[in-house]
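The values are calculated or read from the model by the stated rules, or taken from the named source; none is laboratory data. This is a predicted model, so every value here is computed, not measured. Cβ placement follows ideal geometry from the backbone for every residue including glycine, while neighbour counts extend to all protein chains displayed. Ligands, DNA and RNA are excluded from the accessible area calculation, which covers all protein heavy atoms including side chains. Shrake-Rupley method; radii C 1.70, N 1.55, O 1.52, S 1.80 Å.
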Amino acid sequence: MTQQTPQKVGFFGALSEFRKWAVLILIGLVLFFGYKFFTTKSETSSIEYDTNLIQQQIKNVGKLVVTEGHFAEVLTYKDRKETYIPGLSFDKKALVVINADVTVGFDLSKVKYDVDAKNKTVTILTIPEEEIKISPDIKYYNTESSTFNEFTGDDYNKINKIAKENLKKKIDKSTLKSNAKNRLVSELSKILILTSSMGWTLKYEGEIVNNNQEFQAKIKS
C-alpha cells in the first residue's frame, strides 16, 4: 500500500500542472485577441477620423475666391458712310469713357479630388478655370451724327464689344490674374498643411507636393 501512494500523488500533481498551463494559455489568448481587437479598432477609427477631417477641410476651402480691380479707358468712336458722290460722306463720332469693375475668381467648390484612406493620399484631380467678369459703365460725350448716319443700337453694341476687348488686354497685362492665383494657392495650401501635419500625402498632376513653393509653381504653370 505504501508503494501506491507516490503514483497517486504524481497523477494529481500532473493534473494540477496541466490546469495551471491551460489557464495561462487561456489568459494569453484572451490578452492577445483583446489586444488585436482594441488596436485594430483604434487604427480604423483613426483612419476614419483623418478622412473625415480632411474632407471637412476641403469642404471649408470650397468657396469662391475673388480678386477685384478697376479699369478706365477713353476711346473715340468714328463711323463713316460713303456716298456715290466723290468727297461726300456722312460721319458720326463720339467720345466714349469706360469705367469698369472687374473680378477674377475661382469657384473652389468645383475642385475635384480623390481621398485614398488606405494609402493616406489626397489627390487633386482638377482645378477650375478662372472666371472673369467685366461690368463696364459706358458714357458717351461729344456725340456727333448726321441725318443719314445716325447712332443706332448696332453702334452701341459695337462700342461695348470694343471696350470689353480692350479691357481684356489691359487685364492680361495687369497683376489681377496673378493676384487671383496667389489667393487660390493660399486657399488650397490649407489642404497641404493639413495633410502634412497628419502624415498624409498630397498629389497634384500625378506628382507629390512637398511644400507650398512646389504647389504654387504647379498651379501657375
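Below is a table of values for the structure above.
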{"item": "Of all residues in segment 128-151 being more than 42 Å from the chain's Cα centre (by Cα) and of a type in the set (S, T, Y), the one that is modelled with the highest pLDDT", "result": "Y141"}
{"item": "Only one of K190, K220, K177 that is in contact with a strand residue (DSSP E or B) (Cβ under 9 Å, 6 or more places away or on another chain) and among the basic types (K, R)", "result": "K177"}
{"item": "Counted residues, segment 88-115 - those being at pLDDT 90 or above, open to solvent by 50 Å² or more (accessible area, probe 1.4 Å) and acidic (D, E)", "result": "2"}
{"item": "Failed item in (1) under 45 Å from the mean Cα position of the chain (by Cα); (2) over 16 Å from Q55 (Cα atoms), with L125 passing the rest", "result": "(2)"}
{"item": "Criterion violated by T121 - all others in (1) closer than 30 Å to T195 by Cβ; (2) open to solvent by 70 Å² or more (accessible area, probe 1.4 Å); (3) not hydrophobic (A, V, I, L, M, F, W, C) satisfied", "result": "(2)"}
{"item": "Search result, residues across segment 188-221 that are in a helix (DSSP H, G or I), surrounded by fewer than 17 Cβ atoms within 10 Å (Cβ to Cβ) and of a type outside the set (V, I, T)", "result": "K190, S196, S197, N212, Q213, E214, A217, K218, K220"}
{"item": "Residue list for segment 56-87, filter: aromatic (F, W, Y), surrounded by 10 or more Cβ atoms within 10 Å (Cβ to Cβ) and modelled with pLDDT under 90", "result": "Y77"}
